[in-house]
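A short write-up of the structure that comes next.
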Amino acid sequence: MGRIKKLLNTKTFGLIVATIVLAIIVTALNPSFVARGNIRNLLNTLSFQGVMLAGIAILLMSGNIDLSSGAVAAMGSLVFALLLKGFPGMPWPVALVLSLAAGAIMGLVNVFFMNVVNLVPFIVTIGTSSIFGGIATVITRGNAVPVNVPSFLNLGKIAFFKSIPFVFVVMVAVVLIHAFVLYKTRFGRSIYMVGGNPQAARLCGLSINRTRAILFVSNGVMSTLGGLIWVCLRKQSNPASFIAAAPNMQAIIATLLGGVSFMGGAGGIGGACVGLVLLNVFNTGLAVLKAPAYISVAVNGLLLIIALIIDNVNSMRMRRMLMVSAIKEGAKKRAAS
Amino acid sequence: MEQYLEFCRIGKAYPGVQALKDISFRAEGGKVLALIGENGAGKSTLLKILSGDQKPDEGYMMLNGEEISFDSPCDAINKGISVIYQERQLIPSVSVMENIYAGDLPVSKLGLFNKKQLKKQAQEIIDKFGLPIDPTDTVGFLSVAYQQMVEIMKAYRRNSQVIAFDEPTAPLTDKEIDILFKLIEQLKAEGKIILYVSHRMAEIFKISDEIVVLKDGELVKTLKTSETNETELIKAMVGRDIGDTYKNLKRNNKFGEVLLEVNNLNTHVVSDISFKLRKGEIIGFAGLVGSGRTEVVRALFGADPILSGEIKINGDPVRIRSPREAIDNGIALCPEDRKEQGLIIWRSIKDNICMPVLDKLKKGIFMDPKAKEELTIDAIERLSIKTTNIDKTVMELSGGNQQKVILGRWTSDKIVTKILILDEPTKGIDVGSKAEIYQMMCDFATAGIGVIFISSELTEVINVADTIIVMHNGHITGQISREEATEEKVLAMAMLD
């Protein structure tokens with residue numbers, strides 16, 4: 001019972017309610033929202049965004065940020081498409097592994113600038129985002145590179161019970177693995193500590209640089225995986241349009257919406273996922289209700305600001321607790337005694 | 001085997017100050033050694049050396065007969081030294097148990113994080129100390145007292161041989177102090193080497209076995225607590241004939257009309273603050289660290305939000321919502337932390353002095369470099385700031401001269417300062433510069449400025465200020481004139497419940 005009560009009190013629960021209410025409202029306004037095709041589309045979108053979200057959420061919890069993951073995903077998935085095009089005999093799983101390795105290398109480039117050159121993640125990833133994205137667009141000259149490997153493209157068509165896409169299951173697996181690492185391993189717990197107070201974490205013998213290195217490399221791989229799912233669904237790699245769609249920004253917005261602190265150290269992966277669902281119900285809802293396509297971009301921005309306001313209020317509350325508690329609690333106790 | 005920590009001829013100098021000189025003493029296991037001394041006596045520096053934060057210029061430390069030196073604070077912790085600072089080294093967003101075991105979380109046979117085991121182990125430690133904390137509580141939402149207990153349990157869990165406390169009781173209530181002392185007794189019984197830094201006499205007699213008295217970076221005396229008394233300690237701490245410094249001040253004794261009137265001011269931290277400041281008067285704010293002195297002046301200066309209350313300047317009610325509005329109303333603040341809040345440390349003396357009056361140093365729409373230069377040279381001459389040229393960065397100056405740069409900024413003829421607030425202006429500066437700063441305050445008062453002076457050094461406040469306001473727990477608990485004020489009276493008000 002206690003557990004359930006606790007759950008009902010969390011912000012995540014509030015978000016779930018908000019999501020359901022929103023879905024009901026949209027369905028009431030236009031029942032085609034719950035049409036099989038639409039749900040399938042929604043789940044497809046959640047798949048590649050969710051994979052990217054997993055890596056980004058953990059990075060934010062550790063007090064880091066990666067603005068380059070969209071470009072990494074575009075570049076990584078382009079590597080995949082180019083390998084298949086350039087070496088027609090290459091089995092696609094080999095190309096997949098190589099492209100994930102490319103993602104890891106791009107993560108390492110980020111780590112190099114942070115840990116060796118000592119630049120802050122925000123600046124580094126703005127820079128590398130332009131670099132990777134720019135290179136990918138130059139290679140393709142802004143065009144798409146088609147992928148014509150039936151066995152790979154089939155993965156985008158498989159669906160369980162006719163409505164749960166295979167790629168969605170992949171996403172769920174990725175999220176569960178991340179949650180497992182976060183909650184069930186020492187390393188996962190240290191992410192919260194490094195994010196919550198790096199100075200204190202360092203004094204406890206935790207390495208900030210090591211944590212950051214692992215997370216950025218892993219995020220490079222996850223971003224690329226997200227990009228590959230996108231390729232699988234669209235049957236082509238198109239860095240320019242992928243970067244324009246900015247699924248990584250959606251993931252960041254969703255993560256913050258889901259209660260992960262921008263300052264690091266707090267939040268959970270479940271909350272981030274709920275945030276992503278909410279965001280996508282919102283966007284799909286707007287589309288179903290025939291709102292102009294680009295209005296959702298503006299609305300997403302607004303949601304991000306709202307999420308940051310909530311985060312700000314929370315961390316102010318904690319800071320104020322730290323500052324005031326000595327004085328106020330002392331006074332209270334004195335009054336009581 | 002008997003455990004002991006020995007400091008051998010430790011010396012440390014900062015630019016402009018010899019912080020420690022030839023310090024040698026020995027702390028034994030199973031005993032509490034108290035380090036006392038006035039502010040600036042060198043206690044903090046000694047702790048910084050012990051915690052691996054700073055390296056001594058001279059001398060070394062020995063633990064159980066072996067020489068020890070640390071590359072970093074982390075290294076010191078690994079070698080069994082835990083220093084518990086007032087700024088707690090905890091992770092606020094994480095649970096108590098994870099804070100206690102940070103860096104050494106228990107794992108199951110499969111190598112996975114074992115939450116159950118962690119909870120059990122943490123609960124054992126909490127029970128050992130008899131604390132009413134739940135291991136799953138989030139540290140950020142605990143009171144400061146319990147946060148400190150978590151810090152102690154963390155040190156205990158690490159099996160630290162040496163545990164040093166830096167003014168641990170400053171933010172605690174009496175009841176909480178009792179709990180803390182019980183914890184320390186337990187640590188003592190287990191043979192730990194305990195260093196205890198505090199300003200509070202009563203506590204030192206209650207908890208310590210031995211006392212080391214520091215003064216101006218030198219070791220004055222090592223005493224057995226049972227063989228000494230407060231009078232002897234105070235004598236050892238003060239020792240130096242400071243009376244003359246204060247006697248020789250050329251004071252202002254003509255007070256004008258009321259300049260600043262504060263009625264029932266409330267902020268998030270302080271409540272019901274009322275006082276009056278006259279022209280030419282120096283008001284001193286005394287009180288323990290955390291009593292809310294700084295918060296009062298930050299609110300007056302528009303740096304912290306005011307919830308309710310009235311501020312009148314020259315009899316007119318004013319609204320102060322930002323430092324800019326405070327400056328426009330003739331209020332100037334020399335903040336507590338010179339380097340963080342007072343100065344732009346890597347900029348020149350000139351830039352720092354001209355900062356608030358840039359728009360008065362223009363020729364047309366451009367800056368007038370000559371006017372900037374003149375203003376700076378004027379300040380350097382008025383306040384005798386020791387520097388070779390006006391473009392030197394403030395970083396290169398000694399603490400006293402840095403403070404003078406801030407004073408120079410607010411007292412130039414380009415700015416109308418009616419009320420000058422100095423928050424801990426003499427913190428970390430040498431005795432000679434202190435006397436100079438006292439005299440400057442008196443000179444400003446003579447010139448008709450109302451001065452508000454905050455200091456943790458009691459002797460300083462009660463000897464320099466004309467009126468002393470004492471704060472405790474966010475309230476004003478007393479007001480007393482210099483003639484009537486004694487350290488005992490003011491301390492009683494500052495600690496009274």
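The values are calculated or read from the model by the stated rules, or taken from the named source; none is laboratory data. Computed from a predicted structure; not experimentally measured. Cβ: placed from backbone, ideal geometry, glycine included. Neighbour counts: every protein chain shown.
If you check A:Val194 against the conditions, is it part of a loop (DSSP other than H, G, I, E, B) and within 13 Å of chain B (Cβ to nearest Cβ)?
No; evaluated as a whole, the condition is false for this residue.
Exactly one condition in (1) crowded, with 16+ Cβ neighbours inside 10 Å; (2) out of contact with any Cys (no Cβ under 9 Å at 6 or more places or on another chain); (3) within 14 Å of another protein chain (Cβ to nearest Cβ) is not met by A:Phe180; state its number.
Here A:Phe180 clears every test but (1).
Here is a yes/no grid of residues against (1) assigned to a loop (DSSP other than H, G, I, E, B); (2) more than 14 Å from chain A (Cβ to nearest Cβ):
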position: B:Asp104; (1), (2): yes, no
position: B:Gln123; (1), (2): no, yes
position: B:Gly130; (1), (2): yes, yes
position: B:Lys175; (1), (2): no, no
position: B:Glu185; (1), (2): no, yes
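Which numbered condition in (1) within 22 Å of A:Val174 (Cβ to Cβ); (2) crowded, with 16+ Cβ neighbours inside 10 Å; (3) not charged (D, E, K, R) is the only one that A:Val26 fails?
All conditions are met except number (1).
Taking segment B:144-163 as the search range and keeping residues that are within 14 Å of chain A (Cβ to nearest Cβ) and outside any helix (DSSP H, G or I), which one is nearest to B:Leu46 (Cα to Cα)?
B:Ser160
Do you know which of the residues in segment B:327-341 that are of a type outside the set (S, T, N, Q) and at pLDDT 85 or above is surrounded by the most Cβ atoms within 10 Å (Cβ to Cβ)?
Top of the filtered list is B:Ile331.
Show me the strands (runs of 3 or more DSSP E) entirely contained within segment B:425-492 in which 1 or more residues are more than 14 Å from chain A (Cβ to nearest Cβ) and surrounded by fewer than 17 Cβ atoms within 10 Å (Cβ to Cβ).
The strands (runs of 3 or more DSSP E) meeting that bar are B:475-481.
Can you pull out every residue in segment B:133-143 that is in a loop (DSSP other than H, G, I, E, B) and within 13 Å of another protein chain (Cβ to nearest Cβ)?
B:Asp134, B:Thr136, B:Asp137, B:Leu142, B:Ser143
Determine which member of the set B:Asp304, B:Asp359 is assigned by TED's automatic domain parsing to the domain that holds B:Gly399, surrounded by fewer than 21 Cβ atoms within 10 Å (Cβ to Cβ) and in a helix (DSSP H, G or I).
Of the residues listed, the single one that is assigned by TED's automatic domain parsing to the domain that holds B:Gly399, surrounded by fewer than 21 Cβ atoms within 10 Å (Cβ to Cβ) and in a helix (DSSP H, G or I) is B:Asp359.
Would you check which residues across segment A:95-120 are of a type outside the set (A, V, I, L, M, F, W, C), surrounded by 19 or more Cβ atoms within 10 Å (Cβ to Cβ) and out of contact with any Leu (no Cβ under 8 Å at 6 or more places or on another chain) and list them?
Scanning segment A:95-120 gives A:Gly107, A:Asn110.
Residues are listed down the side, and each one gets a yes or a no for (1) without any contact (Cβ under 8 Å) to a residue 60 or more places away in the chain; (2) in contact with a helix residue (DSSP H, G or I) (Cβ under 7 Å, 6 or more places away or on another chain):
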position: B:Lys386; (1), (2): yes, yes
position: B:Gln403; (1), (2): no, yes
position: B:Thr417; (1), (2): no, yes
position: B:Ile421; (1), (2): no, yes
position: B:Phe444; (1), (2): yes, no
position: B:Gly448; (1), (2): no, no
position: B:Arg482; (1), (2): yes, yes
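Per-residue answers, yes or no, for (1) within 15 Å of A:Ala71 (Cα to Cα); (2) under 19 Å from the mean Cα position of the chain (by Cα); (3) touching a residue at least 40 places away in the same chain (Cβ under 8 Å); (4) in a helix (DSSP H, G or I):
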site	(1), (2), (3), (4)
A:Gly133	yes, yes, yes, yes
A:Ile139	yes, no, yes, yes
A:Asn143	no, no, yes, no
A:Leu153	no, no, yes, yes
A:Gly156	no, no, yes, no
A:Lys162	no, no, yes, no
A:Val169	no, yes, no, yes
A:Val172	no, yes, yes, yes
A:Val175	no, yes, yes, yes
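For segment B:236-252, check the following and say yes or no: at least one residue is of a type in the set (A, V, I, L, M, F, W, C), touching a strand residue (DSSP E or B) at 6+ places or on another chain (Cβ under 6 Å) and either farther than 30 Å from B:Ile476 by Cβ or within 14 Å of chain A (Cβ to nearest Cβ) (or both).
There is at least one residue in segment B:236-252 that is of a type in the set (A, V, I, L, M, F, W, C), touching a strand residue (DSSP E or B) at 6+ places or on another chain (Cβ under 6 Å) and either farther than 30 Å from B:Ile476 by Cβ or within 14 Å of chain A (Cβ to nearest Cβ) (or both).
Can you tell me which residue in segment B:309-351 is nearest to B:Ile454 (Cα to Cα), limited to those that are touching a residue at least 40 places away in the same chain (Cβ under 8 Å) and of a type in the set (D, E, K, R)?
Among those that are touching a residue at least 40 places away in the same chain (Cβ under 8 Å) and of a type in the set (D, E, K, R), it is B:Glu336.
Just a yes or no: is a residue in segment A:203-221 surrounded by 22 or more Cβ atoms within 10 Å (Cβ to Cβ), away from every other protein chain (no Cβ under 14 Å), assigned to a helix (DSSP H, G or I) and of a type in the set (Gly, Ala, Ser)?
So far as segment A:203-221 goes, yes, one or more of its residues are surrounded by 22 or more Cβ atoms within 10 Å (Cβ to Cβ), away from every other protein chain (no Cβ under 14 Å), assigned to a helix (DSSP H, G or I) and of a type in the set (Gly, Ala, Ser).
Would you kindly identify the strands (runs of 3 or more DSSP E) lying entirely within segment B:1-71 that contain at least 3 residues that are surrounded by 22 or more Cβ atoms within 10 Å (Cβ to Cβ), touching a residue at least 60 places away in the same chain (Cβ under 8 Å) and of a type in the set (Lys, Arg)?
none
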